[in-house]
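Undergrad: Here's a structure for you.
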Amino acid sequence: MNHLLEINELEQRFDVSPGFFDRLKIRNGRLRYQKSIVHAVNGVNFQIDRGEVFGLVGESGCGKSTIAKTIIKLYEPVAGQIKIDGEDITSYDYKKMIPVRKIVQMIFQDPYASLNPRIKVLDIITEPMAIGGAALGKAEIREKAMELLRRVGLGKEHVNRYPHQFSGGQRQRIGIARALSVEPELVIADEPVSALDVSIQAQILNLMMDLKDEFGFSYLFITHDLSVVRHISDRIGVMYLGFLVETGPCDDVFLNPRHPYTKALLSAAPSVGEKLHIDPLDIKGEVPTALELPPGCSFQTRCPFAFDRCIQERPRLISRVSDRMEACHLLDN
Ligand SMILES: Nc1ncnc2c1ncn2[C@@H]1O[C@H](COP(=O)(O)OP(=O)(O)O)[C@@H](O)[C@H]1O
Ligand SMILES: [Mg+2]
């Protein structure tokens, strides 16, 4: 059976070079032309199966959103492969992506920025249904929008309003209804509650989980918030500097993190580390910039356990214990 989503050796880079003359640098007495490339996503592999919630975690800037946007082809991947239900969509153009967009939908962090302010809620919700030619008539579409609104906790009276007439939580409910309007199989949610008040976050998370059970889709759930990811994920992947460093069943990883970065990340989160009695692991320094990746392991500049091999050889994400994977030479010893 095919995985619902499979990404293999995915790479994404951004050219952030300044203007032509600023790129010219003198090095060793010679004029050189230098580009600045952000290595946002580096050889990432993971799969998501039907009905599964895969949580992708890691600090801001580690490449989570870039992976999401590359999967839905807002960015063309630089290298690697993206498969949806076994179908390789890596090189699909806009037209070929139309049917794929009915299978994979996205919910964004900032519901205000992602909803067109000049369009009424009815049209916002039904827009994805119309892409590629609507199968339903106008009355049916309206009825479906009403039903979706009800299902996400909004009323019929909201259908003719504009996004600015809603609160943040309500706008995210609209974003969810919009994503679900095409009955997707995979919903990619990128920090869907991070912009909301804490009191609203739990409501929206519970709604998202209820809808998953009811509709039976899967989530790629992206967040930097460990308590959120723990609450909802079946499996998680931990990212650092554009690399996936550890994956495994959510509870196992939280109870027994194996990669030093995962240990550091979990032990640094007060709500998580204390409760789980993870020994605090102090890591030194700051995240290097994705402009200049360190040689070898991406985490070697900060890892308290780094040894020669970590500097020389980039560790691959491999499985040593059933269901778990880590990219760490330490675990080979
Ligand atoms: N459109 C872009 N142009 C240039 N750099 C980008 C772009 N999008 C993201 N980046 C860079 O790529 C890296 C990963 O960013 P992002 O995927 O947004 O991380 P996250 O979602 O984990 O916070 C960061 O260094 C960020 O500055
Ligand atoms: Mg992001």
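The values are calculated or read from the model by the stated rules, or taken from the named source; none is laboratory data. In this text, all values refer to a predicted model and were calculated from it rather than measured experimentally. Quick reminder, even Gly has a Cβ in these numbers, built from the backbone with ideal geometry, and neighbours come from all protein chains shown.
Undergrad: Within the stretch 186-195, is there a residue that is in a helix (DSSP H, G or I) and at pLDDT 90 or above? Before you say what the answer is, go through the steps one by one.
TA: Keep residues of the stretch 186-195 that are in a helix (DSSP H, G or I), which gives none.
Checked against the condition, which is being in a helix (DSSP H, G or I) and at pLDDT 90 or above, the stretch 186-195 yields no hits at all.
The rows are residues; the columns are (1) over 30 Å from residue 217 (Cα atoms); (2) surrounded by fewer than 15 Cβ atoms within 10 Å (Cβ to Cβ); (3) modelled with pLDDT of 95 or more; (4) within 16 Å of ligand 2 (Cβ to nearest atom).
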site: 31; (1), (2), (3), (4): yes, yes, no, no
site: 43; (1), (2), (3), (4): no, no, yes, no
site: 46; (1), (2), (3), (4): no, no, yes, no
site: 49; (1), (2), (3), (4): no, no, yes, no
site: 52; (1), (2), (3), (4): no, no, yes, no
site: 57; (1), (2), (3), (4): no, no, yes, yes
site: 61; (1), (2), (3), (4): no, no, no, yes
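Undergrad: Yes or no: residue 285 in contact with a Cys (Cβ under 7 Å, 6 or more places away or on another chain) and without any contact (Cβ under 8 Å) to a residue 60 or more places away in the chain?
TA: It is false that residue 285 is in contact with a Cys (Cβ under 7 Å, 6 or more places away or on another chain) and without any contact (Cβ under 8 Å) to a residue 60 or more places away in the chain.
Undergrad: Here is a further query. What do you reckon, is residue 5 within 15 Å of ligand 1 (Cβ to nearest atom), touching a helix residue (DSSP H, G or I) at 6+ places or on another chain (Cβ under 8 Å) and not polar (S, T, N, Q)?
TA: Answer is no for this residue.
Undergrad: Then there's this: State the number of residues belonging to the stretch 63-76 that are surrounded by 22 or more Cβ atoms within 10 Å (Cβ to Cβ) and either modelled with pLDDT under 95 or away from ligand 2 (no atom under 16 Å from the Cβ) (or both).
TA: 0
Undergrad: Please verify whether the stretch 254-271 includes one or more residues that are within 16 Å of ligand 1 (Cβ to nearest atom), polar (S, T, N, Q), crowded, with 20+ Cβ neighbours inside 10 Å and within 24 Å of residue 66 (Cα to Cα).
TA: Checked against the condition, which is being within 16 Å of ligand 1 (Cβ to nearest atom), polar (S, T, N, Q), crowded, with 20+ Cβ neighbours inside 10 Å and within 24 Å of residue 66 (Cα to Cα), the stretch 254-271 yields at least one hit.
Undergrad: Let me ask something additional. Among the numbered criteria (1) free of Cβ contacts under 8 Å to residues at least 60 places away in the same chain; (2) at negative phi, which one does residue 330 miss?
TA: Checking residue 330 against (1) free of Cβ contacts under 8 Å to residues at least 60 places away in the same chain; (2) at negative phi, the one that fails is (1).
Undergrad: Now for a separate question. I'm trying to understand the selection: among the residues of the stretch 31-56, which are near ligand 1 (Cβ under 9 Å from one of its atoms) and within 10 Å of the chain's Cα centre (by Cα)?
TA: Passing the criteria: only 56.
Undergrad: Given the options 238, 229, 245, name the one that is crowded, with 17+ Cβ neighbours inside 10 Å, in contact with a His (Cβ under 6 Å, 6 or more places away or on another chain) and closer than 30 Å to residue 73 by Cβ.
TA: Criteria check complete, one pass: 245.
Undergrad: Looking only at the stretch 67-95, which residues are small (Gly, Ala, Ser) and within 12 Å of ligand 1 (Cβ to nearest atom)?
TA: The one that is small (Gly, Ala, Ser) and within 12 Å of ligand 1 (Cβ to nearest atom): 68.
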